[in-house]
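Report on the structure given below.
The values are calculated or read from the model by the stated rules, or taken from the named source; none is laboratory data. Bear in mind the structure is a predicted one, so any value in this text is a computation, not a measurement. No Cβ is skipped: glycine too gets one built from the backbone with ideal geometry, and neighbour counts run over all protein chains shown.
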Amino acid sequence: MSAGSKPGKPAARRCGLCGKTGKLVRTECCGNWICDDQDEYVPFSYAGNSCYRNHSRYTLCSYHHNEGHEGDWKTCRKCRDAFETEMYVWYGTNEHNFEKLPDPPCFEPTLCANCGRVISLGRESYSQLGDDYWCQECTARKMQEDIGRMKGKA
């Protein structure tokens, strides 16, 4: 033991995302400690309350592992080619990562084809038809118009 260091118990294991020390498990992809809380997720709620589920569904780290890619996810060409640039950057830099993608590529923001508003593909609801993206508000308005037209034909 070096001078100035004190014997003691080792630091408690913590979730690498939220810091909790309760029920933990290691991730299959990167071996980091994470909350073993996937059972708390309510299906179709889109709640962001599960560290385990968020890391396993919304990161390149987990995608890389699940797809069986070789090497490091941060330099994997297959991972890079699997997503359009905006989503690749989001999956590699969001808060569900233990480690962030270094030097993420630049991209042009996605715009609503109807109103021109910027849509954050990783954080917002949107619809897509072909190459066109529609923000949630324009999608809802268009659906109401279409439903009105269909009712008028009945």
Practice item. Would you check which residues across segment 94-125 are hydroxyl-bearing (Ser, Thr, Tyr) and either modelled with pLDDT under 95 or under 15 Å from Thr75 (Cβ atoms) (or both) and list them? Key: Ser125
**Study point:** Those residues of segment 81-122 which are farther than 20 Å from Glu67 by Cα and among the hydrophobic types (A, V, I, L, M, F, W, C), in sequence order
**Key:** Cys106, Phe107, Leu111, Cys112, Ala113, Cys115, Val118, Ile119, Leu121
Revision key, fill the gap. Being surrounded by 16 or more Cβ atoms within 10 Å (Cβ to Cβ) and under 30 Å from Arg141 (Cα atoms) narrows Tyr52, Tyr41, Tyr46, Tyr88 down to just Tyr88
Check your understanding: Within segment 103-116, is there a residue that is within 21 Å of Met87 (Cα to Cα), of a type outside the set (A, V, I, L, M) and either touching a Pro at 6+ places or on another chain (Cβ under 9 Å) or assigned to a helix (DSSP H, G or I) (or both)?
Key -> no
Review point. Would it be correct to say that Pro109 is out of contact with any His (no Cβ under 9 Å at 6 or more places or on another chain), under 26 Å from Cys35 (Cβ atoms) and loosely packed, with under 11 Cβ neighbours inside 10 Å?
Key: no
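State yes or no: is Asp72 at pLDDT 95 or above, closer than 26 Å to Glu124 by Cα and loosely packed, with under 15 Cβ neighbours inside 10 Å?
Working: at pLDDT 95 or above: yes; closer than 26 Å to Glu124 by Cα: no; loosely packed, with under 15 Cβ neighbours inside 10 Å: yes.
So Asp72 fails the test.
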Review point. Can you name the condition, by its number, that Ser120 falls short on among (1) among the hydroxyl-bearing types (Ser, Thr, Tyr); (2) within 17 Å of the chain's Cα centre (by Cα); (3) farther than 28 Å from Ile34 by Cα?
Key: (3)
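Filter segment 119-154 down to the residues that are outside any helix (DSSP H, G or I) and touching a strand residue (DSSP E or B) at 6+ places or on another chain (Cβ under 6 Å) and list them by number. Steps first, answer last, please.
The initial filter retains those residues of segment 119-154 that are outside any helix (DSSP H, G or I), namely 119-135, 154.
Ile119, Leu121, Tyr126, Ser127, Tyr133, Trp134, Cys135 - these are the residues of segment 119-154 that are outside any helix (DSSP H, G or I) and touching a strand residue (DSSP E or B) at 6+ places or on another chain (Cβ under 6 Å).
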